[in-house]
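Engineer: Sharing a structure, written as structure tokens. Questions coming.
The values are calculated or read from the model by the stated rules, or taken from the named source; none is laboratory data. The structure displayed is predicted, hence computed values, not measured ones. Reconstructed Cβ throughout: ideal geometry from the backbone, glycine too, with neighbour counts over all protein chains shown. The area values use the complete protein model at the heavy-atom level, side chains included, leaving out ligands, DNA and RNA. Shrake-Rupley method; radii C 1.70, N 1.55, O 1.52, S 1.80 Å.
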Amino acid sequence: MAEVLVYVDHVDGAVRKPTLELLTLARRIGEPVAVALGNGAADTAAALAEHGATRVLTADAPEFADYLVVPKVDALQAAHEAVSPVAVLVPSSAEGKEIAARLAVRIGSGIITDAVDLEAGDEGPVATQSAFAASFTTKSRVSKGTPVITVKPNSAAVEAAPASGAVEALSVSFSAGATGTKVVSRTPRESTGRPELTEAAIVVSGGRGVNGAENFAIIEKLADSLGAAVGASRAAVDAGWYPHSNQVGQTGKSVSPQLYIANGISGAIQHRAGMQTSKTIVAVNKDAEAPIFDLVDYGVVGDLFEVVPQLTSEIETR
Ligand code: FAD
């Protein structure tokens, strides 16, 4: 059966959820062969096998930690030569997209970024993307070389599918440019204990209607009652009420959670661009004419300072 390369996003051996989603999608088009690099690469094997990886190619070297993306591209290129896959799948993170783009250039292939679904096709895998602030859904396939496809987090439900997950060492020779740019320090962001915004299954966002940094506490409380990440509109970010790293939209992050709750957000096109592919959308807005109500599954016309605390306490009692 045809094999599909899956680039593994992991932290010291702990596989991140978007990679497990990729394995689910990869199984629709072939047998997933995972490529895990860097510190703890071999420790990823059990989780990957549980989710359908038939083989896990691993490599560890200081280059993966000390330098930027080029060593990882070198490794994926080596894996591509060793496996001859029908597609290469990479998570749609900032790093993932850079790796994918560089790999596509190296192997002379076409690339599709930010896919939200993937299916097998007669002439190769077909990827679904959402375009123009999610106003259109497009289906595309790569017509040249091995398709390199980045997939947005939360595009598929993770499904277990035990496979052998045989671990094999991948031999990588680093290219001349691999060590051109060195990582000099890493400063981990202070943890809020909440899930990463782009990977969260639930996102609770606040906009200008929240009316002040201190009032974001009620948004955070609702988020915590649901185990959700917190997002913000640009109006809230520009006002200095919430960090830019939490901005959702065209000039912020793109999210695609199972549930998106917009509070005091009007639904401008630039905000929609970052959240319109959410599976279920709920809005709380005191203006019944707010454009956000055009795209919601459930809408509450009301004052968020009344609705959100009631919702939080209802969820907390369950
Ligand atoms: P508003 O549009 O002011 O809406 C506030 C809403 O809160 C209103 O609908 C109001 O009825 C409601 N409200 C007020 N008080 C309450 C209350 N007590 N209870 C309930 N509801 C209440 N925006 C983004 O979000 N993300 C982006 O990435 C982004 N990128 C942009 C890029 C460009 C190039 C440009 C030009 C704009 C961009 N914007 C972006 C800005 C965007 O156009 C809007 O200005 C912004 O999204 C508005 O934010 P908002 O909905 O919070 O505020």
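Residue-by-condition table, conditions (1) without any contact (Cβ under 8 Å) to a residue 60 or more places away in the chain; (2) touching a helix residue (DSSP H, G or I) at 6+ places or on another chain (Cβ under 9 Å); (3) of a type in the set (A, V, I, L, M):
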site	(1), (2), (3)
Glu190	yes, no, no
Arg194	yes, yes, no
Asn211	yes, yes, no
Glu220	yes, no, no
Ser225	no, yes, no
Ala228	yes, yes, yes
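Engineer: Something else now. Any idea how many residues of the range 244-257 are open to solvent by less than 10 Å² (accessible area, probe 1.4 Å), within 7 Å of the ligand (Cβ to nearest atom) and in contact (Cβ under 8 Å) with a residue 40 or more places away in the chain?
Structural biologist: 1
Engineer: Right, next: For the range 130-157, give me the residue count where each residue is at pLDDT 95 or above and either under 26 Å from Ser254 (Cα atoms) or open to solvent by less than 60 Å² (accessible area, probe 1.4 Å) (or both). Spell out the reasoning first.
Structural biologist: Initially, the range 130-157 is screened for residues at pLDDT 95 or above, giving 138-151.
Within this subset, residues satisfying the condition of being either under 26 Å from Ser254 (Cα atoms) or open to solvent by less than 60 Å² (accessible area, probe 1.4 Å) (or both) are 138-142, 145-151.
Summing the residues that are at pLDDT 95 or above and either under 26 Å from Ser254 (Cα atoms) or open to solvent by less than 60 Å² (accessible area, probe 1.4 Å) (or both) in the range 130-157 gives 12.
Engineer: Could you please find all residues in the range 109-128 being open to solvent by less than 40 Å² (accessible area, probe 1.4 Å), in a strand (DSSP E or B) and not β-branched (Val, Ile, Thr)?
Structural biologist: Passing the criteria: Ala115, Leu118, Ala127.
Engineer: May I ask you to list the residues in the range 267-284 that are out of contact with any strand residue (DSSP E or B) (no Cβ under 7 Å at 6 or more places or on another chain) and near the ligand (Cβ under 6 Å from one of its atoms)?
Structural biologist: Residues satisfying the conditions are Ala268, Gln270.
Engineer: More than 7 Å from the ligand (Cβ to nearest atom) and either open to solvent by less than 10 Å² (accessible area, probe 1.4 Å) or under 15 Å from the mean Cα position of the chain (by Cα) (or both): does that describe Tyr260?
Structural biologist: Numbers: more than 7 Å from the ligand (Cβ to nearest atom): yes; either open to solvent by less than 10 Å² (accessible area, probe 1.4 Å) or under 15 Å from the mean Cα position of the chain (by Cα) (or both): yes.
Considered against the rule, which asks whether it is more than 7 Å from the ligand (Cβ to nearest atom) and either open to solvent by less than 10 Å² (accessible area, probe 1.4 Å) or under 15 Å from the mean Cα position of the chain (by Cα) (or both), Tyr260 comes out as yes.
Engineer: Among Asn154, Asn215, which is among the polar types (S, T, N, Q), in contact (Cβ under 8 Å) with a residue 24 or more places away in the chain and not in a loop (DSSP other than H, G, I, E, B)?
Structural biologist: None of the other options fit; the residue is Asn215.
Engineer: Separate question: Pull up the range 287-298, narrow it to residues that are more than 15 Å from Arg208 (Cα to Cα) and within 11 Å of the ligand (Cβ to nearest atom), then point me to the one that is nearest to the chain's Cα centre (by Cα).
Structural biologist: Selected residue: Phe293.
Engineer: Now, a different point. Mind listing whichever residues of the range 187-225 are of a type in the set (Val, Ile, Thr), more than 13 Å from the ligand (Cβ to nearest atom) and surrounded by 11 or more Cβ atoms within 10 Å (Cβ to Cβ)?
Structural biologist: Residues satisfying the conditions are Thr192, Thr198, Ile202, Val204.
Engineer: Next question. Do we find a residue being under 30 Å from Ala290 (Cβ atoms) and either of a type in the set (D, E, K, R) or surrounded by 20 or more Cβ atoms within 10 Å (Cβ to Cβ) (or both) anywhere in the range 172-186? Walk me through how you get there before you give the answer.
Structural biologist: First pass over the range 172-186, keeping only residues under 30 Å from Ala290 (Cβ atoms): none.
Within the range 172-186, none of the residues are under 30 Å from Ala290 (Cβ atoms) and either of a type in the set (D, E, K, R) or surrounded by 20 or more Cβ atoms within 10 Å (Cβ to Cβ) (or both).
Engineer: Please go through the range 202-240 and pick out each residue that is of a type in the set (Val, Ile, Thr) and closer than 10 Å to Asn263 by Cβ.
Structural biologist: Those that are of a type in the set (Val, Ile, Thr) and closer than 10 Å to Asn263 by Cβ: Val204, Val210, Ile218, Ile219.
Engineer: Which one of Val86, Val70 is within 22 Å of Ser164 (Cα to Cα), in contact (Cβ under 8 Å) with a residue 12 or more places away in the chain and of a type in the set (A, V, I, L, M)?
Structural biologist: The match here is Val86.
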